[in-house]
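Structure first, commentary second.
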Amino acid sequence: MTPAPAGRETSTRGRAVVRVLAADGRALVQDLGREGLAHLGVSGSGAFDRAAHRLANRLVGNAESAATLEIALGGVRLALPAGCWLSVTGAWGPVTLDGAPLEPHTSVRTDRAAELALGTATHGVRYTLALRGGILVPETLGSRSRDTLAALGPAPLTTGDVLPLGPEPEQPVPPADLVPVDPPTLGVVEVEVRPGPRLDWLSTGARELLLGAEWRVSTRSDRTGVRLEGPTLERARHEELASEGMLRGSIQISPDGAPTVLGPDHPVTGGYPVALVVTESSLDRFAQLRPGQPLRLRLVAGRP
Amino acid sequence: MRLLPYGDRALLAEFPTQEGVLGALVAWRDAPPGVLELVPAARTVLVRIDPGALGLGHLKHWLRSTPRIDASLPVADSVTIPVRYDGQDLAAVAQAWQCSPDDVIERHRAREWVCVFVGFAPGFPYLVPVDGESSLPPVARRATSRTAVPAGAVALAAEYCGIYPRSSPGGWQLIGTTDAVLWDADRAGPALVTPGTRVRFSRAVP
């Protein structure tokens with residue numbers, strides 16, 4: 001199986017293109033992902049920070065489903081064509097256009113061909129870059145998203161890649177100049193969770209620790225899962241669990257007693273017990289948690 | 001059937017047997033709008049919803065009130081997969097079953113298998129013998145997972161036979177290798193084997 005290399009298979013003749021000057025494998029093409037393919041073993045994938053993806057697209061007048069670039073940590077430089085609208089959301093850090101600082105959450109148009117440089121993020125982890133028209137690489141199973149675990153969709157960007165942009169959308173670039181959104185926090189992040197199917201596989205003490213302790217985000221975190229470091233959770237039941245369905249936000253307890261919060265490229269099924277599940281509204285936060293950042297899980301009441 | 005909580009976007013239906021899972025999949029095919037996906041697995045079906053379109057309470061009511069039929073999965077199609085029985089764990093499986101490696105091969109080859117779900121990786125089928133009475137003794141996973149199982153590896157674990165669509169880490173016991181392409185995202189049917197597919201294994205000519 002060979003994933004379609006980004007941009008290399010589409011004719012770019014006569015189209016506006018973005019050239020990758022430096023990428024180091026940290027930039028991925030993402031859209032809103034693949035729906036309804038779990039029976040083939042394919043999970044949702046798509047933008048990790050979906051709110052950032054939607055906002056970036058709205059700022060340049062794209063459909064929310066248009067493909068953007070998800071850039072982890074930074075260290076990426078791109079050559080943009082003249083007359084190209086762009087916006088950067090998600091992580092905050094030193095972002096420059098031909099050396100001039102670029103405001104986050106703002107739509108900007110290049111007067112002439114220009115170099116966009118995204119430096120190391122200072123708040124959050126993942127930048128979203130939207131370009132008017134969207135990134136128009138070929139779709140795999142109905143989506144342009146890179147699934148890093150399943151190795152589906154366009155390969156991570158490398159230096160020299162050429163990305164075609166889509167045609168001008170019907171919708172104009174909205175007039176709003178600045179969208180007031182704060183940068184991702186560096187402090188303690190509180191995440192809302194609800195019970196998962198196997199909460200009772202943990203001992204009473206472990207349940208209290210899971211919901212009471214301050215956790216730290218492990219460096220061993222990626223789009224498959226964000227691993228949390230803290231006290232070791234003791235299981236009340238030790239038998240093997242038959243494989244069952246997983247979701248983005250499932251908090252599974254691995255045999256070494258550590259919780260892992262599954263990300264967009266999670267496996268469709270897994271055999272570790274899911275103790276809690278992150279609520280829909282808290283999911284995007286995991287895209288921006290920095291290694292070592294403190295985190296608390298809060299069980300929310302409400303409808304079962 | 002037991003309904004277990006699964007956050008604010010899903011419920012997990014748990015059944016005592018694999019047959020219960022298959023019956024539920026058939027019965028729930030005409031799910032109401034707002035049901036996004038059914039994820040079948042060994043003893044469970046994960047039912048994922050769009051919380052804006054359907055409440056968890058409504059889902060619970062619908063799952064409980066829809067009569068389940070005593071069904072086996074409709075036969076999707078059947079394939080024969082040629083295997084070179086050269087797996088590194090053939091001897092370990094033989095030892096666990098207290099038979100010879102040739103007996104392991106014969107037991108594997110003589111059965112007709114059916115895919116009950118796909119998981120772990122795109123196109124990775126979980127196969128069980130079609131006739132429940134001909135099931136094989138369960139096989140324990142390897143104590144230590146391999147960091148790279150080759151693509152096409154035919155393997156056993158628990159009550160299942162699986163085939164690795166591409167090279168990946170894995171802890172199943174390897175009994176053979178196939179050149180069949182289990183997964184090709186650019187093919188009209190990307191997965192060679194889907195839930196309901198009947199599978200027979202033949203000895204590949206070396």
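Read-outs throughout are calculated quantities, based only on the coordinates presented, and are distinct from any laboratory measurement. Since the model is a prediction, treat every value here as computed from it, not as a measurement. Heads up, the Cβs are rebuilt from the backbone with ideal geometry, glycines too, and the neighbour counts pull from every protein chain shown.
Working from label points 7 Å from Cα in the Cα-to-Cβ sense, the A:V300 to B:W97 distance is 5.0 nm. With a cut-off of at most 14 other beta carbons within 10 Å, and DSSP calling the residue loop, which trypsin sites (Lys or Arg not before Pro) in segment A:50-149 qualify? Please list them. When the trypsin sites (Lys or Arg not before Pro) of segment A:50-149 are filtered for loop state and at most 14 Cβ neighbours within 10 Å, A:R112 remain.
Please report the base-10 log of the normalised intensity I(q)/I(0) for chain B, using a Debye sum with one equal scatterer per alpha carbon and no solvent, at each q in 0.12, 0.14 (1/Å). Debye curve over Cα of chain B, log10 I(q)/I(0) at q = 0.12, 0.14 Å⁻¹: -0.66, -0.86.
Working note: Karplus 6.51/-1.76/1.60 with θ = phi - 60° gives segment B:140-150 the couplings 6, 5, 4, 4, 10, 5, 7, 6, 9, 8, x Hz, where Gly and Pro are set to x.
With R₀ fixed at 51 Å, the C-beta to C-beta distance from B:R146 to A:R109 puts the FRET efficiency at about 0.45. Annotation note: GluC sites (Glu not before Pro) in segment B:1-81 located in DSSP loop regions with a Cβ neighbour count of at most 10 within 10 Å are absent. Panel values: segment A:189-299, Kirkwood radius from alpha carbon pairs, Stokes-Einstein at 37 °C and 0.692 mPa s, translational diffusion coefficient 241 µm²/s.
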